[in-house]
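All remarks here apply to the structure that follows.
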2 protein chains.
Amino acid sequence: MDGFAYANLYTMDLPPPAPRWGGFPPYYFVGGNNDPTLIPCELLAEAAASVLRREGASLAIYNLGQGPQGYPPLRDFVASKLAARRSMHCTRDDVAITSGSGQGIDMVCKLLTARGDTIIVEGYSYGGAISKFRKMGLNIVGAPLDDDGIRMDALEDILKDLKAKGVSAKFIYTIPTIQNPTGSIMPLERRQALLRLAKTYGVPIFEDECYADLIWAWDAPPALYALDPTQVIHIGSFSKSLAPALRVGYLVAEWSALSLLIALKGDSGTGAVDQMVVAEYFSRFYDDHIKRLSTALEGKLDVMEEALRREFGVSVETFRPKGGIFLWLKLPDAVDVRKLIAPAAKAGLVFNAGPEWACDADAAKSYLRLCFAMPSTEVIEDGVRTLARVCFEETGIPVRSANLENATR
Amino acid sequence: MDGFAYANLYTMDLPPPAPRWGGFPPYYFVGGNNDPTLIPCELLAEAAASVLRREGASLAIYNLGQGPQGYPPLRDFVASKLAARRSMHCTRDDVAITSGSGQGIDMVCKLLTARGDTIIVEGYSYGGAISKFRKMGLNIVGAPLDDDGIRMDALEDILKDLKAKGVSAKFIYTIPTIQNPTGSIMPLERRQALLRLAKTYGVPIFEDECYADLIWAWDAPPALYALDPTQVIHIGSFSKSLAPALRVGYLVAEWSALSLLIALKGDSGTGAVDQMVVAEYFSRFYDDHIKRLSTALEGKLDVMEEALRREFGVSVETFRPKGGIFLWLKLPDAVDVRKLIAPAAKAGLVFNAGPEWACDADAAKSYLRLCFAMPSTEVIEDGVRTLARVCFEETGIPVRSANLENATR
């Protein structure tokens with residue numbers, strides 16, 4: 001074979017080609033993956049068989065013959081879960097199923113933004129969203145965070161400054177509940193302040209709650225959407241609460257916006273069996289599943305934090321998340337994690353470099369994100385030891401002799 | 001609720017909002033739907049349960065931990081099916097799974113086209129593709145068809161003309177096997193001529209074989225891709241051969257192009273359970289399923305053709321398809337089917353108006369496409385009678401007294 005003969009006709013600005021799939025390296029600490037041992041295979045098999053026996057005939061019709069908004073029993077489940085856990089008052093009519101929350105991000109951007117528009121994003125934020133926003137040519141203004149999420153004083157300065165320049169920001173993209181990557185939960189008072197500020201300056205809020213199912217203690221304040229649905233478009237996902245290979249997310253908005261978002265979905269529906277299996281399984285087992293999963297994840301987080309303390313000692317600052325599957329951490333200012341990427345890869349280790357998870361790359365140069373859900377506790381411990389060794393070899397950090405011994409043995 | 005408060009920030013060029021889903025009208029003759037009674041619910045339930053018991057744990061990882069090209073057993077099945085039925089020599093490495101063939105169309109356009117580019121499309125073609133091409137701002141040149149697909153003399157004129165104008169067409173989009181909407185199969189000699197012409201003028205071929213599984217007689221010549229993979233990007237789907245609510249299609253191309261197409265996919269994978277169920281079921285039952293489905297569909301086509309002869313007499317010209325799920329037909333020149341859309345809708349009947357399935361809308365004003373897979377034979381007969389009545393009331397056609405009696409009773 002000579003290969004496709006028309007490379008001369010390719011369009012500009014192509015991404016790099018996909019490599020041939022070579023599997024994961026041994027220490028794979030990136031990506032929203034989950035723990036394979038916690039997938040309830042038998043219960044999912046039963047759920048799938050049961051729903052296909054009962055409703056399989058409807059697969060013959062696009063969208064199961066029930067329109068582009070998604071499988072109604074799944075929308076019912078989403079509405080009831082959001083009522084119970086996020087204090088959101090919505091029904092199946094307010095919910096649209098998406099092919100993962102990434103599609104939800106695409107849809108909201110298509111509704112509100114055009115190339116060159118300005119948006120406000122948390123200073124550290126979900127790398128996948130930042131990279132989508134950049135690809136769409138949006139001008140990203142980063143809003144500084146503290147342990148409770150966006151700092152309201154800083155946000156007000158940004159909004160004032162934009163107003164002075166005559167710029168209307170198209171939305172504030174926030175992950176208030178298990179912030180990605182910092183793992184914080186925004187307190188109620190700050191949520192209320194955020195809504196007030198956003199209303200004053202006429203900027204809608206784009207609320208991403210992909211991790212809000214996985215909170216160690218069930219104590220999160222209501223979703224921003226619950227506090228004022230007219231100001232907020234809300235997205236979520238089953239990738240973290242159940243499984244990311246299922247491509248099932250959801251979007252909640254008032255109908256005037258939702259009806260346009262559905263029209264912008266741009267596919268011919270989200271995979272039906274994926275939707276049916278989630279609805280069938282979670283309608284019965286959501287609470288149990290979430291409890292079991294969160295407990296196991298918090299245990300893995302403990303293992304990772306302990307390993308970091310053991311290997312890095314005082315050279316690491318960890319931001320213990322209140323839920324989720326990732327740990328955000330900071331190495332000493334002298335460490336630029338971008339310089340660790342290649343040697344870590346050589347040692348079979350991949351991590352999310354802070355600069356890819358930040359609006360201002362340089363300001364995040366000593367930060368990184370480690371995902372702890374997929375790897376076993378043994379891999380977590382070996383991996384953190386490997387990271388410490390690589391870091392020491394490249395930067396002389398961590399310096400304590402005990403760590404040094406561990407790191408070089 | 002006051003509705004979302006930021007309509008002032010919406011971007012330009014929004015599509016019309018989705019209406020609240022109100023179900024299908026009684027005579028629904030559009031869309032690539034299938035016959036619900038022909039979905040093998042029990043076998044799909046068993047397939048789903050079996051694959052989830054065996055491999056469910058891998059759902060914990062994006063793309064089942066097997067990379068963005070798709071579930072390997074499904075790619076194996078696609079490759080073996082294409083070898084057996086389309087004479088294509090490919091392996092799992094040449095196949096990428098897509099979320100329906102629509103995503104495949106998006107991907108190919110992203111690889112080869114930019115706004116303002118010119119493409120060549122069969123004069124009558126898939127309305128969904130035409131509408132995508134228009135949305136992307138492509139300049140569509142229609143190539144005239146006869147009973148064997150694109151006319152080579154006309155295509156050569158087009159290519160010569162474009163060359164004279166200094167325009168490089170980015171691809172020729174063709175549905176050579178069960179052409180949509182005309183139902184033709186391009187003979188081998190013409191396929192060879194098409195490849196020669198395309199090569200001479202330096203234009204790649206974008207081959208869409210979404211209906212090629214459903215051929216009444218297994219006598220189709222090899223796919224264009226089989227004849228020269230360096231000239232062709234090939235797409236297909238399981239929407240027609242199994243079920244459209246499953247969002248599973250595929251794309252076959254030489255790796256130099258495929259690796260870029262995968263990078264352009266733009267989601268985080270195609271729904272895994274959908275993929276797993278298709279692979280598990282079709283790896284065992286494809287031949288039986290296709291035989292049973294094709295036989296049933298051909299029977300429904302007979303019912304529709306007979307009803308059309310009965311109700312329209314000599315006032316209809318039908319283009320009996322060699323497979324698939326739709327019938328293309330022509331009413332007398334005096335009938336503009338666009339004027340039938342509203343009164344038909346009032347009578348509970350929807351059809352694909354020829355102008356939406358054509359590069360030159362006006363030239364297709366007396367044509368329409370009727371899909372026969374989903375409706376029962378009774379609905380087909382009642383629906384065709386309703387169509388004749390509406391047509392008679394609006395245009396005085398069909399005129400024969402016998403039909404008149406039928407149409408008005």
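The values are calculated or read from the model by the stated rules, or taken from the named source; none is laboratory data. Since this is a predicted model, take the numbers as computed values, not measurements. Using ideal geometry, Cβ is built from the backbone for each residue, glycine included, and neighbour counts are taken over all protein chains shown.
Taking A:K132 as the residue in question, decide whether it is free of Cβ contacts under 8 Å to residues at least 60 places away in the same chain, under 17 Å from the mean Cα position of the chain (by Cα), assigned to a helix (DSSP H, G or I) and within 14 Å of another protein chain (Cβ to nearest Cβ). Yes: the conditions hold for A:K132.
Any residue at all in the range A:336-354 that's assigned to a helix (DSSP H, G or I) and aromatic (F, W, Y)? Checked against the condition, which is being assigned to a helix (DSSP H, G or I) and aromatic (F, W, Y), the range A:336-354 yields no hits at all.
So that you can scan it fast, the table gives a plain yes or no per residue for (1) over 19 Å from the mean Cα position of the chain (by Cα); (2) touching a residue at least 60 places away in the same chain (Cβ under 8 Å):
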site: A:A83; (1), (2): yes, no
site: A:S87; (1), (2): yes, yes
site: A:G102; (1), (2): no, yes
site: A:D117; (1), (2): yes, no
site: A:M136; (1), (2): no, no
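Each residue in the range A:268-302 was checked for being buried (at least 24 other Cβ atoms within 10 Å of the Cβ), outside any helix (DSSP H, G or I) and among the small types (G, A, S), and 2 pass. Could you tell me whether B:A344 is within 29 Å of B:I120 (Cα to Cα), crowded, with 18+ Cβ neighbours inside 10 Å and at pLDDT 95 or above? No: the conditions fail for B:A344. Within the range A:218-229, restricting attention to residues that are in contact with a helix residue (DSSP H, G or I) (Cβ under 9 Å, 6 or more places away or on another chain) and in a loop (DSSP other than H, G, I, E, B), the residue that is nearest to A:A296 (Cα to Cα) is A:W218. Scanning the range A:250-306 for residues that are within 20 Å of A:G65 (Cα to Cα), within 14 Å of chain B (Cβ to nearest Cβ) and not hydrophobic (A, V, I, L, M, F, W, C) gives A:S259, A:K265, A:G266, A:D267, A:S268, A:G269, A:T270, A:G271, A:D274, A:Q275, A:E280. Looking across the range A:87-114, the residues that are outside any helix (DSSP H, G or I), within 28 Å of A:L188 (Cβ to Cβ) and within 11 Å of another protein chain (Cβ to nearest Cβ) come down to A:H89, A:C90, A:A96, A:T98. Among the residues of the range B:214-249, those that are facing chain A (nearest Cβ under 7 Å) and more than 19 Å from A:L59 (Cα to Cα) comprise B:P229, B:T230, B:Q231. When the range A:174-201 is examined, which residues are found to be over 19 Å from A:P222 (Cβ atoms), in contact with a helix residue (DSSP H, G or I) (Cβ under 9 Å, 6 or more places away or on another chain), among the hydroxyl-bearing types (S, T, Y) and surrounded by 15 or more Cβ atoms within 10 Å (Cβ to Cβ)? Passing the criteria: only A:Y201.
All conditions in (1) more than 14 Å from chain B (Cβ to nearest Cβ); (2) within 18 Å of A:F238 (Cα to Cα) hold for A:A154, with the sole exception of (2). Would it be correct to say that A:K322 is in contact (Cβ under 8 Å) with a residue 12 or more places away in the chain, within 14 Å of another protein chain (Cβ to nearest Cβ) and of a type outside the set (V, I, T)? So A:K322 fails the test.
When the range A:72-86 is limited to residues that are under 18 Å from A:S259 (Cβ atoms) and in contact with a strand residue (DSSP E or B) (Cβ under 7 Å, 6 or more places away or on another chain), the one that is nearest to the other protein chains (Cβ to nearest Cβ) turns out to be A:R75. The residue that is farthest from the chain's Cα centre (by Cα), among those in the range B:33-54 that are surrounded by 19 or more Cβ atoms within 10 Å (Cβ to Cβ), more than 7 Å from chain A (Cβ to nearest Cβ) and within 30 Å of B:L258 (Cα to Cα), is B:V51.
Scanning the range B:204-213 for residues that are within 12 Å of chain A (Cβ to nearest Cβ) and among the aromatic types (F, W, Y) turns up just one, B:F206. The set of residues from the range B:162-193 being among the aliphatic types (A, V, I, L, M), more than 27 Å from B:S239 (Cα to Cα) and either outside any loop (DSSP other than H, G, I, E, B) or more than 14 Å from every other protein chain (Cβ to nearest Cβ) (or both) comprises B:L162, B:A164, B:A193.
Any residue at all in the range A:46-62 that is part of a helix (DSSP H, G or I), at pLDDT 95 or above and under 21 Å from B:A18 (Cα atoms)? So far as the range A:46-62 goes, yes, one or more of its residues are part of a helix (DSSP H, G or I), at pLDDT 95 or above and under 21 Å from B:A18 (Cα atoms). Per the listing A:I172, A:I185, A:I130, the residue uniquely in the same structural domain as A:W255 (by TED's automatic domain parsing) and either of a type in the set (D, E, K, R) or within 18 Å of A:N352 (Cβ to Cβ) (or both) is A:I130.
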